[in-house]
Amino acid sequence: MDMMEENGVSFAGIASLTAEELRNRMQLGDAMPVEDVARTEDRVIAGADGNDLPIRIYWAEATDEPRPVVVFFHGGGWVIGGIDSHDGQVREMVNRTGMVYVSVDYRLAPEAKFPAAAEDCYAATQWVAANAASIGADASRLGVAGDSAGGNLAAAVAQMARDRGGPAIAHQLLIYPCCDMDSNAWPSQTENGFDYFLTKESMDWFYDQYADVADRNNPYASPIKAADLSGLPPACVITAEFDPLRDEGEAYGAALQEAGVACEVHRYDGMFHGFFGMTLAIPGAVEAQETAAAAAQAALSG
């Protein structure tokens, strides 16, 4: 966490900031070294409302054999972040899995409030399913993944695909996901909401930027509010001991299991929100990525 603060990454005083001021403060992702992959390509596809929707496609290796494909949604409280902020993390997962990854630069709040981000992510998933062959991917082995707000969006897209009749999603990787837009509902929001980088104050601020109060019980905003979780794809949920979002992520995993969905839940003791991408500094991040990669391979490479 000290490394993050030294690089200007802090949510201190967030209540007094505008979204643009916070975006200008968060610079860590652009400064970190990244792994090489075989190839990347930036494209622009149509978003949910006909908007331009940038994506970045990653290939782990040059091959004529169609590979499983994962659509990735970045974290950042629906307000900050993008393809570049999570480029290093995605590259690592591409190399660990050998899969094609498609990272989505969905519209950010507050300029585009709920459900814009969720609908963009669903539109991108539809595009990947329809165009998989053209990017060397196998649409029958399609997964979604995301961290934090991106985990929220991955869970939402899995529900949207089930509710709307497709595309068929075979796996969901939810990395410390936000599953309930009510910071008062979970003890970890208070227990871990003051001293561990992500704070309860910052979560409340992100909720206000992203969704009107009337929308916060919509299951595409708060996935744990869904009346029925059956029929969703197998899941891997990653949580961190000192994360405000720990309890709701683990509760969502338990709810999936109770609904008959194959779901593994992994809590990383001693870890905090955001650790998953910090493989250069934190051995636990390497372990978590290896666990996530193994879960994706079991679901998508069989």
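The values are calculated or read from the model by the stated rules, or taken from the named source; none is laboratory data. Quick caveat, the model's predicted, so the values are computed rather than measured. Don't worry about glycine lacking a Cβ; one is built from the backbone with ideal geometry, like all the others, and counts go over all protein chains shown.
Brief remarks follow.
- Summed over the stretch 78-128, residues that are closer than 13 Å to Pro54 by Cβ, assigned to a helix (DSSP H, G or I) and aliphatic (A, V, I, L, M) total 2.
- Looking across the stretch 170-195 at every residue that is of a type in the set (A, V, I, L, M) and farther than 22 Å from Ala288 by Cα, the one that is modelled with the highest pLDDT is identified as Met181.
Quick grid of which residues meet (1) surrounded by 18 or more Cβ atoms within 10 Å (Cβ to Cβ); (2) of a type outside the set (Gly, Ala, Ser); (3) at pLDDT below 95:
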| residue | (1), (2), (3) |
| --- | --- |
| Asp212 | no, yes, no |
| Ala227 | no, no, no |
| Ala235 | yes, no, no |
| Ala240 | yes, no, no |
| Arg246 | yes, yes, no |
| Gly253 | yes, no, no |
| Gln257 | no, yes, no |
| Val265 | yes, yes, no |
| Tyr268 | yes, yes, no |
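- Restricting the first member to the stretch 130-142 and to residues that are free of Cβ contacts under 8 Å to residues at least 60 places away in the same chain, and the second to residues that are of a type outside the set (A, V, I, L, M, F, W, C), the beta-carbon pairs closer than 8 Å and six or more apart or on different chains are Ala130/Pro167.
- Residue count for the stretch 71-118, restricted to those that are over 21 Å from Ala19 (Cα atoms) and either of a type outside the set (Lys, Arg) or buried (at least 24 other Cβ atoms within 10 Å of the Cβ) (or both): 17.
- Pairs where the first residue, in the stretch 273-302, is over 11 Å from Gln89 (Cβ atoms) and modelled with pLDDT under 95 and the second is of a type in the set (A, V, I, L, M) and outside any loop (DSSP other than H, G, I, E, B), C-beta under 8 Å, 6+ apart: Ala281/Met3
Residue-by-condition table, conditions (1) in a strand (DSSP E or B); (2) under 22 Å from Gly166 (Cα atoms); (3) of a type in the set (D, E, K, R); (4) in contact with a strand residue (DSSP E or B) (Cβ under 7 Å, 6 or more places away or on another chain):
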residue: Gly231; (1), (2), (3), (4): no, yes, no, no
residue: Thr239; (1), (2), (3), (4): yes, no, no, yes
residue: Asp243; (1), (2), (3), (4): no, no, yes, no
residue: Glu250; (1), (2), (3), (4): no, no, yes, yes
residue: Leu256; (1), (2), (3), (4): no, yes, no, yes
residue: His266; (1), (2), (3), (4): yes, no, no, yes
residue: Val286; (1), (2), (3), (4): no, no, no, no
residue: Thr291; (1), (2), (3), (4): no, no, no, yes
residue: Ala296; (1), (2), (3), (4): no, yes, no, yes
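- Selection of the stretch 23-77 for residues being of a type in the set (Asp, Glu), under 18 Å from Asn131 (Cα atoms) and part of a loop (DSSP other than H, G, I, E, B) yields Asp64, Glu65.
- Given (1) more than 20 Å from Pro167 (Cβ to Cβ); (2) over 12 Å from the mean Cα position of the chain (by Cα); (3) in contact (Cβ under 8 Å) with a residue 12 or more places away in the chain, number of the condition Asp52 does not satisfy: (3)
- Tally of residues being aromatic (Phe, Trp, Tyr) and out of contact with any Gly (no Cβ under 7 Å at 6 or more places or on another chain) across the stretch 62-104: 2
- Considering Ala235, Ala254, Ala295, the condition of being out of contact with any Leu (no Cβ under 8 Å at 6 or more places or on another chain) and among the aliphatic types (A, V, I, L, M) is satisfied by Ala254 alone.
- In the stretch 133-191, the residue that is surrounded by the fewest Cβ atoms within 10 Å (Cβ to Cβ) out of those that are touching a Lys or Arg at 6+ places or on another chain (Cβ under 7 Å) and in a helix (DSSP H, G or I) is Thr190.
- Among the residues listed as Ala109, Ala117, the single one being over 15 Å from the mean Cα position of the chain (by Cα) and over 14 Å from Val128 (Cα atoms): Ala109
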